[in-house]
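A.B. asks: There's a structure below that I have some questions on.
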Amino acid sequence: METVTLDLTQLKYFLRVAELRSFSKAADALHVAQPAITRQIRLLEEELGVPLFHRHSRGSEPTEAGRLLEVRAAALLRMADQTRIDVISRAQVPTGTVRIGFPPSVGNLLIGSTVARYRAHYPDVLVSLAEGYNQVLQEWMLSDRLDVAVMTEFHSHPLLESRLLFEEGLWLLGPAGGEQRSYAIADLRQLPLIQTSHHNSLRMLLEKAAAAHGFALNIVIQAEALDVIKQLVRRGVGYHVTPYSVVGGDADGGSFSGGPVQALSISRHLVWRTDRPRTVAISEMNRMLIEQLQIAASARGALIRLAPDLQGA
């Protein structure tokens, strides 16, 4: 099988043309003569043996092969750049970029404190934060928009590796003035609930638990925005089941009623790509996330149960 050699300069030119859909615009953006870009793209097409663009009067559109190369080339160039940074700074402090994704509940629990500490130690690293639910986080990981993510109830994927971080108890949030007590799963039977969509991992967990007890959840409103959900609960429209870290401060402050839901918890996992190098900057971020998690777990007792390998570490 013939070996294909990919030139990083050619990939850089290719990506800019694919982004701008124009050879002339790419030449202007790169401050390179258009014939030079055209020649390099032609050489790249000859090397790969496939056309990468459909040329037409309105510009240049990537072919199917071009769209695949666009995704892979972006990852290759980013890896090359980060490798250069890591080699140069191996004996120094981390530099470069760390892109981390997380669900809203983990943002409240962990991300703010971790990133503040990280920035204090490594001011030369650009930290990019992205909040989303599981399905979106996985899509971002697979499209190389994130380096690492904290995900809920993670299921295996051939391109992703994971490490269990902790199990977190769930909380029933109700309007102020109601009962403050523990709830059984069966207590959810008659309650009007405000929950996220069917694709959300927590929603699926609740539906499975309800079905095991012989009833279906009474979902009266589907919403993704936590602030809106809290407003609706506060107005007495319904109840919301969520990880305690999302609403612990509100519940403790008397803004809502509610309490823990017995025998229900969710798992949180640290997830990264199997085919990407773990840079110094990413490794340090992962280390600090775990240290901040251990601090948070010690403050919340049984509501956050660390993975066995993190206990007492």
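A.B. asks: Pick from segment 112-166 the residues that are under 17 Å from Asn200 (Cα atoms) and among the hydroxyl-bearing types (Ser, Thr, Tyr): which of them is modelled with the highest pLDDT?
C.D. replies: Out of the qualifying residues, it is Thr152.
A.B. asks: Right, here's the next one. Of the numbered conditions (1) surrounded by fewer than 21 Cβ atoms within 10 Å (Cβ to Cβ); (2) within 9 Å of the chain's Cα centre (by Cα), Met151 satisfies every one except a single condition; which is it?
C.D. replies: The failed condition is (1).
A.B. asks: Tell me, yes or no, whether segment 203-213 has at least one residue that is touching a Phe, Trp or Tyr at 6+ places or on another chain (Cβ under 9 Å) and not in a loop (DSSP other than H, G, I, E, B).
C.D. replies: Our first condition is that a residue be touching a Phe, Trp or Tyr at 6+ places or on another chain (Cβ under 9 Å); within segment 203-213, this holds for none.
No, every residue in segment 203-213 fails to be touching a Phe, Trp or Tyr at 6+ places or on another chain (Cβ under 9 Å) and not in a loop (DSSP other than H, G, I, E, B).
Table: residues versus (1) at pLDDT 95 or above; (2) in contact with a helix residue (DSSP H, G or I) (Cβ under 9 Å, 6 or more places away or on another chain); (3) of a type in the set (A, V, I, L, M, F, W, C); (4) under 13 Å from Pro175 (Cβ atoms).
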{"site": "Lys208", "(1), (2), (3), (4)": "no, no, no, no"}
{"site": "Phe215", "(1), (2), (3), (4)": "yes, yes, yes, no"}
{"site": "Val220", "(1), (2), (3), (4)": "yes, no, yes, no"}
{"site": "Lys230", "(1), (2), (3), (4)": "no, yes, no, yes"}
{"site": "Gly249", "(1), (2), (3), (4)": "no, yes, no, no"}
{"site": "Gly258", "(1), (2), (3), (4)": "no, yes, no, yes"}
{"site": "Ala263", "(1), (2), (3), (4)": "no, yes, yes, no"}
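A.B. asks: Among the numbered conditions (1) outside any loop (DSSP other than H, G, I, E, B); (2) of a type in the set (A, V, I, L, M, F, W, C); (3) over 28 Å from the mean Cα position of the chain (by Cα), tell me where Val237 comes up short.
C.D. replies: Condition not satisfied by Val237: (1).
A.B. asks: Look through segment 98-147, keep the residues that are β-branched (Val, Ile, Thr) and part of a helix (DSSP H, G or I), and return whichever of them is nearest to Arg268 (Cα to Cα). Please lay out each step first, then the result.
C.D. replies: Taking segment 98-147 first, the residues β-branched (Val, Ile, Thr) are 98, 100, 106, 111, 114-115, 125, 127, 136.
With part of a helix (DSSP H, G or I) added as a condition, the list becomes 106, 111, 114-115, 136.
On the way: Val106: 9, Ile111: 13, Thr114: 16, Val115: 18, Val136: 16 Å.
Only one residue fits best here, namely Val106.
A.B. asks: Would you mind stating whether Tyr183 is surrounded by 15 or more Cβ atoms within 10 Å (Cβ to Cβ), touching a helix residue (DSSP H, G or I) at 6+ places or on another chain (Cβ under 8 Å), touching a residue at least 60 places away in the same chain (Cβ under 8 Å) and of a type outside the set (Val, Ile, Thr)? Write out each step before concluding.
C.D. replies: On the way: surrounded by 15 or more Cβ atoms within 10 Å (Cβ to Cβ): yes; touching a helix residue (DSSP H, G or I) at 6+ places or on another chain (Cβ under 8 Å): no; touching a residue at least 60 places away in the same chain (Cβ under 8 Å): yes; of a type outside the set (Val, Ile, Thr): yes.
Considered against the rule, which asks whether it is surrounded by 15 or more Cβ atoms within 10 Å (Cβ to Cβ), touching a helix residue (DSSP H, G or I) at 6+ places or on another chain (Cβ under 8 Å), touching a residue at least 60 places away in the same chain (Cβ under 8 Å) and of a type outside the set (Val, Ile, Thr), Tyr183 comes out as no.
The values are calculated or read from the model by the stated rules, or taken from the named source; none is laboratory data. Predicted model, so just to flag it, every value in this text is computed and none were measured. Ideal geometry is used to build each Cβ from the backbone, glycine not excepted, and the neighbour counts take in all protein chains shown.
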